[in-house]
Amino acid sequence: MNCPDCKDKLDRFVDRELNNTEVLELQLHLEGCPECSDQYEFQAHLKRLVKHSCDCDAAPAAFREKLRQILT
Amino acid sequence: MAESPARTAFAEEALTHLDTLYRGALRLTRDPDQAQDLVQEAYLRALRYQHSYQTGTNMKAWLFAIMRNLFWDRFKGTRKEDVSLDDVGDFVLFEKLRDEGARPEADVLDRIAASEVVSAVEKLPPLHREVVLLVDVEGFSYKDAAQALGVPIGTVMSRLHRARQQLQRSLYEYAVESGIVRGSTNGATPQ
């Protein structure tokens with residue numbers, strides 16, 4: 001695998017959408033390529049940051065109860 | 001009249017996905033009251049069309065599909081109003097940090113406030129925002145996201161890629177404005 005191939009697959013790697021063979025090929029490339037490895041770390045970090053920043057809003061308890069009353 | 005046990009059980013299961021729907025509605029509408037209206041309407045519609053849900057399939061994706069379709073019908077009018085993002089090339093924030101010798105680049109992300117990340121997500125065009133919500137925030141697979149959005153998996157991938165490019169662009173602008181990084185010497189947003 002070369003760097004352009006790796007970049008093409010980074011999104012799917014970060015999102016755990018590659019098959020086992022592709023994962024092994026990509027991991028092998030990352031071990032020998034600091035630049036792609038840095039980019040992977042950055043993208044994985046950014047994905048975690050987006051998740052943690054956006055997933056803290058839970059539905060208000062009163063709204064949950066109101067829905068339960070309406071629906072059940 | 002008391003609801004049937006089957007309907008009650010269905011509603012209870014559906015309500016286990018309330019936080020996902022509420023977060024999605026909040027990020028799409030950017031308004032807590034509108035988000036609650038949207039989610040309530042989505043649940044009522046889900047119960048009305050309970051028969052169309054296939055047991056064993058992804059209920060969360062099915063519910064999200066109902067909610068986002070209502071959003072587009074009610075809040076956005078025609079879907080053609082949405083702005084599509086162009087492929088803006090490189091990942092701006094990563095590339096600029098690398099050029100400036102900031103290593104490891106990911107450490108800079110720790111200095112960006114969560115509220116700024118939310119703001120950057122909310123600035124994405126809705127068609128791109130909803131893909132980020134599903135895949136990055138709620139952990140949907142591409143296949144489930146494609147089901148929820150009613151598009152091919154390839155469309156999920158391309159929207160996600162462009163959304164992430166745009167997110168980096170927004171976060172880079174914030175990082176420059178707030179002094180986290182120095183920014184381009186000419187002060188222009190990098191292309």
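Since every read-out is calculated from the coordinates, none of them should be taken as a lab result. Remember, it's a predicted structure, so these values are computed and weren't measured experimentally. Neighbour counts run over all protein chains shown; Cβ positions are idealised from the backbone, glycine included.
Annotation for B:Ala114 and A:Glu25: the two label points, set 7 Å from Cα along the Cα-Cβ direction, are 3.9 nm apart. Normalised by the number of residues in region B:5-81, the average gap of Cα pairs under 8 Å and 6 or more apart makes the relative contact order 34 percent.
Helix-only arithmetic for the protein assembly as shown: the sum of -39500 (n - 2.57) across DSSP H runs with n ≥ 4, divided by the residue total, places the mean residue ellipticity at 222 nm at -20500 deg cm²/dmol. If you bin all the Cα-Cα distances of the protein assembly as shown at 10 Å, starting from zero, the percentages per bin are 6, 28, 32, 21, 10, 3, 0, 0. Convex hull volume per residue, computed on the Cα atoms of region A:15-72, equals 97 Å³.
Could you give P(r) for region B:92-177, binned at 10 Å from zero, as whole percent values over all Cα-Cα pairs? In whole percents, the pair-distance histogram is 18, 44, 29, 9, 0. The relative contact order of region B:92-177, computed from alpha carbon pairs under 8 Å that lie at least 6 residues apart in sequence, is 38 percent. With neighbour counts taken as other beta-carbon atoms within 10 Å, the residues A:His29, B:His51, B:His128, B:His17 rank, fewest first, as B:His51, A:His29, B:His17, B:His128.
The simple Förster model, with R0 at 45 Å and r as the Cβ-Cβ distance, assigns A:Asn2 and B:Glu41 a FRET efficiency of 0.35.
Across the options B:Leu26, B:His51, B:Leu38, the greatest Cα extent toward the positive end of the charge dipole of the protein assembly as shown (unit charges at beta carbon of Lys, Arg, Asp, Glu) belongs to B:His51. Here r is the Cβ-Cβ distance between B:Arg74 and A:His52 and R0 is 35 Å; the resulting FRET efficiency, rounded to 0.05, is 0.70. When each of B:Met67, B:Met157 is scored by the number of other beta-carbon atoms lying within 10 Å, the sequence from fewest to most is B:Met157, B:Met67.
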